[in-house]
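Input: a single structure, listed below in structure tokens.
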Amino acid sequence: MTSRRTFLQQSAAVAAAITLIPRPSRAMSTDKRPLIVSTWPFGKAANEQAMKALQAGGSPLDGVEAGIRQTEDSGNLSVGLSGKPNAAGFGQLDACIMNGPGHQAGSVAGLEGIRHPISVARRVMERTPHVMLVGQSARDFALSEGQESIDTSNHPALSAKWWAQQERQVRPTDVNADNHDTIALLVLGADGTLAGGCSTSGLAGKMPGRVGDSPILGSGLYVDNQVGAAGATGIGENVMRYCATFLIVEFMRQGATPTEACQQVIDRIRSLDPKPNELGICFVAVDKQGRYGAAGTTEFPYAVTYPGYSEVEKVAAYPGN
């Protein structure tokens, strides 16, 4: 017969074992469409602009472009021509866009003096046989497409001066909505079509020519029309080494909720990275069923919009399992 002491010891052991089992994340979802999710509080205005485009009859891709253009025009310090410059004193912009149907994508990197890199990325996707254009060639293509620009004739001189003076070291910076960040915006359309995009001015004070994760498919953005979509923000090098957004979508394919998938990727990266406590990475995701979520190694506010609702939600820093 089991004694009271033995029973209490067994019960305590069971309770301890239960506390070691990670709790599944709350599956946030809506049956309302369109559903739009984006990074940071400034994403709320982008979401609402995307919603206007969709309600006017635009496609999910139109919504992505319209929303991100809003951020590129907003004076944001980490997106568009208003973003903080590189170490040579001028901006080099990165962007990509991806459309679920047909698995189409376009991307630009190191783009100088063009007001809307997200629109150039879309034109690369739709009007060329390529996926990515970079540097001066990307600018030349943008100009040939009539994209709005500013004069960049002084950039080579600035760059030469920087190379002559600097020590080829870039200081790490905090990851937050005002420094070293990105607009990543995901749309689940009324018909179930998925699309997404990213745009950024990249790491403030970066070495000229540095490209982060934002224009790299599977790193800063990935869309699979059968499963879902994911976007990234933060220290790009720590995202792109692990193909993070592709992996998030694959975890969703295996049955994880968007939040669980984002958390699982953070766990995976922490298990592999030599500096697991200095990652500075955050993710948003949506799936085909209308579930959405986010996770980050820092506290991470993100924007969610669907008919009748448009708010900034927040997740605490994910401590890992």
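The values are calculated or read from the model by the stated rules, or taken from the named source; none is laboratory data. Bear in mind the structure is a predicted one, so any value in this text is a computation, not a measurement. Here the Cβ is made from the backbone with ideal geometry for all residues, glycine too, and neighbour counts use every protein chain on show.
The single condition among (1) among the aliphatic types (A, V, I, L, M); (2) under 21 Å from Val304 (Cα atoms); (3) at pLDDT below 95 that Ala230 does not meet is (3).
Taken over the stretch 48-66, residues that are within 18 Å of Arg122 (Cβ to Cβ) and polar (S, T, N, Q) amount to 2. Looking for something at pLDDT 95 or above, more than 30 Å from Gly293 (Cα to Cα), assigned to a helix (DSSP H, G or I) and hydrophobic (A, V, I, L, M, F, W, C) - is there at least one such residue anywhere in the stretch 120-140? Yes, the stretch 120-140 contains a residue that is at pLDDT 95 or above, more than 30 Å from Gly293 (Cα to Cα), assigned to a helix (DSSP H, G or I) and hydrophobic (A, V, I, L, M, F, W, C).
Annotation: Gln264 fulfils all but one of (1) touching a strand residue (DSSP E or B) at 6+ places or on another chain (Cβ under 8 Å); (2) assigned to a helix (DSSP H, G or I); (3) of a type in the set (S, T, N, Q); (4) surrounded by fewer than 23 Cβ atoms within 10 Å (Cβ to Cβ); the unmet one is (1). Taking every residue in the stretch 247-263 that is touching a residue at least 40 places away in the same chain (Cβ under 8 Å) and among the acidic types (Asp, Glu) and pairing it with any residue that is surrounded by fewer than 23 Cβ atoms within 10 Å (Cβ to Cβ) and not in a helix (DSSP H, G or I), at least 6 positions away or on another chain, the pairs with Cβ-Cβ distances below 9 Å are Glu260/Pro24; Glu260/Ser25; Glu260/Ala27.
Applying a threshold of 9 Å to beta carbon distances and a minimum spacing of six or more residues, or different chains, the list of pairs starting in the stretch 184-201 at a residue that is closer than 16 Å to Gly102 by Cβ and touching a residue at least 12 places away in the same chain (Cβ under 8 Å) and ending at one that is hydroxyl-bearing (Ser, Thr, Tyr) and not in a loop (DSSP other than H, G, I, E, B) reads Gly196/Tyr222; Gly196/Thr245. Within the stretch 62-96, being in contact with a helix residue (DSSP H, G or I) (Cβ under 7 Å, 6 or more places away or on another chain), modelled with pLDDT of 95 or more and aliphatic (A, V, I, L, M) holds for Val64, Ala66, Ile68, Val79, Leu93, Ala95.
Confirm whether Arg270 is at pLDDT 95 or above, surrounded by fewer than 19 Cβ atoms within 10 Å (Cβ to Cβ) and in contact with a Gly (Cβ under 9 Å, 6 or more places away or on another chain).
Details: at pLDDT 95 or above: yes; surrounded by fewer than 19 Cβ atoms within 10 Å (Cβ to Cβ): yes; in contact with a Gly (Cβ under 9 Å, 6 or more places away or on another chain): yes.
Taking the combined requirement at face value, the residue satisfies it.
How about the stretch 95-114: which of its residues are in contact with a strand residue (DSSP E or B) (Cβ under 7 Å, 6 or more places away or on another chain) and within 15 Å of Thr200 (Cβ to Cβ)? Residues satisfying the conditions are Ala95, Cys96, Ile97, Ser107, Val108, Ala109, Gly110, Leu111, Ile114. Each residue in the stretch 93-115 was checked for being surrounded by fewer than 24 Cβ atoms within 10 Å (Cβ to Cβ) and more than 27 Å from Gln226 (Cα to Cα), and 4 pass. Could you go through the stretch 151-164 and let me know if any residue there is surrounded by 14 or more Cβ atoms within 10 Å (Cβ to Cβ), at pLDDT 95 or above and within 19 Å of Glu72 (Cβ to Cβ). Checked the stretch 151-164: no residue is surrounded by 14 or more Cβ atoms within 10 Å (Cβ to Cβ), at pLDDT 95 or above and within 19 Å of Glu72 (Cβ to Cβ). Would you confirm whether or not the stretch 40-49 contains a residue that is assigned to a strand (DSSP E or B), among the polar types (S, T, N, Q), surrounded by 20 or more Cβ atoms within 10 Å (Cβ to Cβ) and at pLDDT 95 or above? Within the stretch 40-49, none of the residues are assigned to a strand (DSSP E or B), among the polar types (S, T, N, Q), surrounded by 20 or more Cβ atoms within 10 Å (Cβ to Cβ) and at pLDDT 95 or above.
When residues of the stretch 50-68 are filtered for being free of Cβ contacts under 8 Å to residues at least 60 places away in the same chain and either under 12 Å from Thr305 (Cα atoms) or part of a helix (DSSP H, G or I) (or both), how many remain?
Initially, the stretch 50-68 is screened for residues free of Cβ contacts under 8 Å to residues at least 60 places away in the same chain, giving 52-53, 55-58, 62, 66.
Filter again for either under 12 Å from Thr305 (Cα atoms) or part of a helix (DSSP H, G or I) (or both), leaving 52-53, 55, 62, 66.
Counting residues in the stretch 50-68 that are free of Cβ contacts under 8 Å to residues at least 60 places away in the same chain and either under 12 Å from Thr305 (Cα atoms) or part of a helix (DSSP H, G or I) (or both) gives 5.
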